Amino acid sequence: MTRHEDSDLEQRLRADAQQIVADVSPELRARIDASIRSVAPIRSVPASRDADRSGGPGWWASGLTGLAAALLIILLVNTNRSSGPTPDSVTEDNVATTVTPEVSESLVTLPLKVRTADLTGPLEEELLRLQADIEKARQTVERDLHLTL
Amino acid sequence: MATDEQLAEAAKCGSTTAFDELVERYQSRLLRFLLGRCNNRADAEDAIQDTFVNAYRYLQSYDPRWRFSTWLYRIALRNASRQSLHPAAEAIELEDDTDPLAACIALSERQNLWLLAKRQLAADAYSALWLRYAEDLPLADVARALDRSLAWTKVSLMRSRRRLAAALRQQPTIAEGNEMYDKA
C-alpha cells in the first residue's frame, strides 16, 4: 500500500462518514431529555485509583497485621515440631526386617529404613501400616513357594 | 461560541442549559457512530440515551485536560459494548436483515467505506478508525477513548487501512456495490 493510496483512503473515509445521515428523531430526543431530568448528577466523585495507591493508615495496619500473622504461624510450626517425633524416635523395631534368607533373595529389597526427619505423625503411622502389609504379602509369597515346592 | 469544554464546566456547576447544548451538538455524531457499532437501530438508540444519562450523572469526573468528545465517546463505547453483550429482547424480535448503518447511508455512485469497515473489522478497530477519521481525534485521544495504548492504536489503524484497501481491490465492480445499496 503506497503513501498515495493511504492518503486517498483516509480522504475517502472522511468523505464517506459525511454520507451517513443519522438524525435523532424528536421522540428519541424527548426520551433522552426525560432520562436526564430523572437523574441527578453525582456530586462526590469517588477517589481515583492513584489516590488509593498512595497508601495511608490502612496500608500500615494491613502490613502490620500480616507480619504478626506470619510470626504467629512460624512460632506455632516450630512449637509443634519440637513436641513431635524426633528423627531418632523411630527405632529399629519399627522397620521391617527380612526373616527367611532363601525367600529374601527372590524379593526386591525395599528401602524401608527411612530417616524420619521430615515425617510427621500420620505419615509414620501410614509407614507402619505399609510395612505390616508388606510383611503379610511376604508371608503369603513364602507360603505359596512352600506349597509349590 | 462556547467550546465543549466550557459548556461541560458550566454543566458541572449546575447549568442544565449548557448540558442541553452539549446533547444538541453530539446527538447526531454519536448516533452515526453507534449505528456502526450496534446490531440494530434500537440498540444504538438505547446506547445513546445511556451515554447522555451517564455523562450527566458522572459529569464531575470529567477531566478538562482532555477533550469532552474523548470522554463522551469513551462512555458511548462502554454502552455500545454492553448493548452488544445484552441486546434488548424486543430489539431481537424486531430485528430485520437491514444493517442500521446501511439504512442511513445516502445512495451514491460507489460503496461507502464505513459499511465495508463494519463488515471487515473488529469492533475496536472500527471504533479506532471512526474516531480518527470521522471525528478527527488525535491519536492520543483515540487511544484514551478506547482505553488502549498508543502503540495498539497506531498498529490497529494501519492494519485497518491495509485491510480496507485489500478489500477494495478484491471488489469486482462498482455496480455490485450499488446493487447492495439498492437492497438496503
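The values are calculated or read from the model by the stated rules, or taken from the named source; none is laboratory data. What you are looking at is a predicted structure, and each value in this text was computed from that prediction instead of being measured. Neighbour counts are summed over all protein chains in view; Cβ atoms, including those assigned to glycine, are modelled from backbone coordinates with ideal geometry. We work out accessible area using only protein heavy atoms, side chains counted, and drop any ligands, DNA or RNA first. Shrake-Rupley method; radii C 1.70, N 1.55, O 1.52, S 1.80 Å.
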- Item | Chain lengthening between A:Ser38 and A:Leu128 when straightened (0.36 nm per residue, less Cα-Cα) | 24.8 nm
- Ignoring ligands and nucleic acids, what accessible area does B:Ile105 show with a 1.4 Å probe (Å², nearest 10)? 20 Å²
- Query: Nearest 0.05, what FRET efficiency do A:Glu5 and B:Ala151 give at R0 = 25 Å with Cβ-Cβ as r?
  - Reply: 0.60
- Query: Label B:Ser81 and B:Asn54 with points 7 Å out from Cα along Cα→Cβ: what is the distance between them in nm?
  - Reply: 0.9 nm
- Using a 1.4 angstrom probe and counting only protein chains, how large is the accessible area of A:Arg129 in Å², to 10? 130 Å²
